[in-house]
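In what follows, a single structure is set out as structure tokens and then discussed.
No value in this document is a laboratory result; all are computed from the given coordinates. This one's a predicted model, so the numbers in the text were calculated from it and none came from an experiment. Glycine also receives a Cβ, built like all others from the backbone with ideal geometry; neighbour counts cover every protein chain displayed.
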Amino acid sequence: MQPVILRISDNLQSINQQISEACERSKRNAENVSIIAVTKYVSVETTQKAVDSGIVHLGENRDEGFIHKYEQVTGHIKWHFIGTLQSRKVKSIIDKVDYIHSLDRLSLAKEIHKRTNRKVKCFVQVNVSEEESKHGVSSDELIEFIHQLEKYDSIEIIGLMTMAPHIKDEKALRSIFKKTRHLQKEIQELNLSYAPCTELSMGMSNDYSIAVEEGATFVRIGTSLVGNER
Ligand SMILES: *Cc1c(COP(=O)(O)O)cnc(C)c1O
């Protein structure tokens, strides 16, 4: 079997290739797409190898996993918290995160604001697919939610995050990403200094090419980049 570091480098190369092709198809610049390696299914050792192979952005979806990796993995790393965030867990991660992808309620905004003095780059998570099981603000309530965030001045809304359902239907996936992009545009048109909303966090192992074609600036890739060791 190939050593982990070579396997990750190969995966990274092929993902970069897919991303540049998607950018060509959609007339975008691939420099505007960043890859977040989602390391929730892999060890500290594998995560370290990902960083050693040139990955800068790391994403974890649970506080324990996040803190564990944060304390053990070294290098030039930008730390992304991508999972549902319970308010009581904010305190333990807030000084470690560079980005939070899962801002989905006012109580969480309030807690973030309470626990830090700096500006935190946040994505508002939108439940575009309207699946019951998914977290996120519904499309209908998004604009009002954005307005309500104004009073929490430690929060900078840098973009929207969405998770598509696990389906193969390319058309359905594309429509979810398109809707997210339209919502982003609506927010940009509000011209709010605390909500520049220039970023779109969307696309995972199965659907990142479509997400990039539809405007993703951050793709969150776990399995097909670093694998699954569980
Ligand atoms: C696990 C996870 C991913 C990555 O999933 P893969 O299908 O393994 O690429 C992306 N985003 C979030 C929020 C996740 O929890």
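Cross-link reach is defined here as a Cα-Cα straight distance under 20 Å, omitting same-chain residues fewer than 8 places apart; for Lys178 the lysines meeting it are Lys27, Lys134, Lys168. Binning the C-alpha pair distances of segment 1-98 at 5 Å intervals from 0 yields a P(r) profile of 2, 12, 22, 20, 17, 13, 9, 5, 1 %, listed from the shortest bin outward.
Name the longest site-free stretch of the chain, where the excluded sites are GluC sites (Glu not before Pro) in a DSSP loop with no more than 16 other beta-carbon atoms within 10 Å. Counting only loop sites that pass the neighbour cut-off, the longest clear stretch is 1-129. Determine Rg/Rh for the chain; Rg is computed over alpha-carbon atoms and Rh is the Kirkwood hydrodynamic estimate from the same atoms. Ratio value, two decimals: 0.95.
How big is the shadow of the Cα convex hull of segment 143-230, averaged over all directions, in nm²? Over all viewing directions, segment 143-230 projects a mean Cα-hull area of 6.9 nm². For segment 177-224, the relative contact order works out to 34 percent when only alpha carbon pairs closer than 8 Å and six or more residues apart are counted. Taking Cα centre as origin and charging only the Cβ of basic (Lys, Arg, +1) and acidic (Asp, Glu, -1) residues, the dipole magnitude of segment 1-84 rounds to 220 debye. Candidate cross-link partners of Lys151 among the aspartates and glutamates, defined by an alpha-carbon separation under 18 Å and a same-chain spacing of 8 or more, comprise Asp104, Glu111, Glu141. Listed by chain and number, the aspartates and glutamates whose C-alpha is less than 16 Å from the C-alpha of Lys114, apart from same-chain residues fewer than 8 away, are Asp95, Glu150, Asp153, Glu156.
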